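**Student:** If you scroll down you'll find the structure; I have some questions about it.
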Amino acid sequence: MTIYGIRRRVACYVTRTVEGDVELLVFDHVDDPDGSSGTQIPAGGMGTYEAIEDAAYREVAEETGVTGLTCVGQVGMQERGIDEPGGPSVTTYVHLRAPDGGADHWQHTVVGDAESADAGLVFACRWARLPLPAPLADGQDAFLPACG
């Protein structure tokens with residue numbers, strides 16, 4: 001018999017306000033010629049004893065280089081079963097606010113430990129005005145309305 005543990009994950013809605021418009025931090029994989037990965041938000045696995053807020057700050061920094069964030073709060077949770085992609089897992093969605101200023105778009109090479117599957121990937125990061133013109137990959141926009 002195989003026994004599975006549940007993977008804990010965090011997904012991050014990072015917003016900023018520019019001239020009255022709310023923008024969301026998103027990225028695309030630079031080395032994905034057909035765009036099949038889709039536009040995404042920072043997300044990833046949590047350490048065994050890692051706090052949700054700490055995991056959120058770490059994931060955003062690793063995947064986009066953005067730091068100095070403020071946690072607004074948790075906006076939702078998504079469970080995936082054993083037969084679903086990424087399952088079995090529980091993903092906590094959090095809303096973070098970015099400081100004013102900074103670039104509108106940039107490329108970032110993902111940092112992480114040797115076990116990280118994303119380490120070394122290059123992401124094209126940008127701020128996208130809400131509401132988004134198209135859905136995010138893998139249903140990541142499920143709780144975005146809570147970031148209003």
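The values are calculated or read from the model by the stated rules, or taken from the named source; none is laboratory data. Just so it is clear, the structure is predicted and the values come from calculations on it, not from any experiment. Positions of Cβ are backbone-derived with ideal geometry, glycine not excepted, and every protein chain shown enters the neighbour counts. Each accessible area value is taken on the protein alone, full model and side chains, heavy atoms only, with ligands, DNA and RNA left out. Shrake-Rupley method; radii C 1.70, N 1.55, O 1.52, S 1.80 Å.
**Student:** Can you give the relative contact order of the chain as a percent, counting alpha carbon pairs under 8 Å and 6+ residues apart?
**Tutor:** Across the chain, relative contact order equals 31 percent.
**Student:** Using a 1.4 angstrom probe on the protein heavy atoms only, could you order I3, I41 from most to least accessible area?
**Tutor:** I3, I41
**Student:** What GluC sites (Glu not before Pro) in region 15-107 are in a loop by DSSP, with at most 13 other Cβ atoms within 10 Å of the Cβ?
**Tutor:** E19
**Student:** Remind me, relative contact order of region 90-148 in percent, using alpha carbon pairs under 8 angstrom and six or more residues apart?
**Tutor:** Answer for region 90-148 is 27 percent.
**Student:** Give me the compactness ratio for region 46-120, meaning the Cα radius of gyration over 2.2 N^0.38 Å.
**Tutor:** Numbers: Rg = 14.1 Å, N = 75, 2.2 N^0.38 = 11.3 Å.
Output field value: 1.24.
**Student:** Right, something else. Before rounding to the nearest 500, sum -39500 (n - 2.57) across all DSSP H runs of length at least 4 in the chain and divide by the residue total; then give [θ] at 222 nm in deg cm²/dmol.
**Tutor:** -3000 deg cm²/dmol
**Student:** Roughly what angle does helix 52-64 make with the longest principal axis of the chain, taking Cα atoms, 0 to 90 degrees, to the nearest 10?
**Tutor:** Roughly 60 degrees between the two axes.
**Student:** Round to a whole number: what % of the accessible area of the chain belongs to carbon and sulfur, probe 1.4 Å? Walk me through the numbers before you get to the answer.
**Tutor:** Working: 4220 of 8280 Å².
Heavy-atom surface of the chain belonging to carbon and sulfur, 1.4 Å probe: 51 percent.
**Student:** Continuing with the same structure: Of T15, T70, T48, which has the largest mean-square fluctuation in a 10 Å C-alpha GNM of the chain?
**Tutor:** Comparing T15, T70, T48 in the GNM, the peak value goes to T48.
**Student:** Sort out for me the Cα centre separation of region 1-80 from region 93-145, rounded to whole Å.
**Tutor:** Between the Cα centre of region 1-80 and that of region 93-145, the gap is 7 Å.
**Student:** Taking amide H positions as placed in the peptide plane 1.01 Å from N, state which residues far from L96 in sequence (5 or more) or on other chains have amide H under 5 Å from it.
**Tutor:** Amide H neighbours of L96, under 5 Å, 5+ apart: Y13, V14, T15, V72.
**Student:** Evaluate the Debye formula for region 21-61 with equal point scatterers sitting on the alpha carbons, no solvent, and hand back log10 of I(q)/I(0) at q = 0.26, 0.30, 0.32, 0.33 Å⁻¹, in q order, two decimals.
**Tutor:** Ignoring solvent entirely, the Cα scatterers give -0.90, -0.99, -1.05, -1.08.
**Student:** Taking amide H atoms as placed 1.01 Å from N in the peptide plane, list the residues 5 or more away in sequence, or in a different chain, whose amide H sits under 5 Å from that of V30.
**Tutor:** Amide H neighbours of V30: V122, F123, A124.
**Student:** Something else about it: Hey, what do the phi angles of region 119-135 turn into as Karplus ³J(HN,Hα) couplings, whole Hz, using 6.51/-1.76/1.60 and θ = phi - 60°, x for Gly and Pro?
**Tutor:** Per-residue couplings from phi come out as 3, x, 5, 10, 10, 8, 8, 6, 9, 10, 5, 8, x, 5, x, 8, x Hz.
**Student:** In addition: Rank these residues by their accessible area, most exposed first, probe 1.4 Å: Y4, Y49, Y57.
**Tutor:** Y49, Y4, Y57
**Student:** Beyond 27 Å, what share of the Cα-Cα pairs of the chain remains, rounded to the nearest whole percent?
**Tutor:** That tail contains 18 percent of the Cα-Cα pairs.
**Student:** Additional query: Can you work out the accessible area per residue across the chain, with the rest of the protein chains kept in place, probe 1.4 Å, in square angstrom?
**Tutor:** On the way: 8280 Å² over 148 residues.
Per-residue value: 56 Å².
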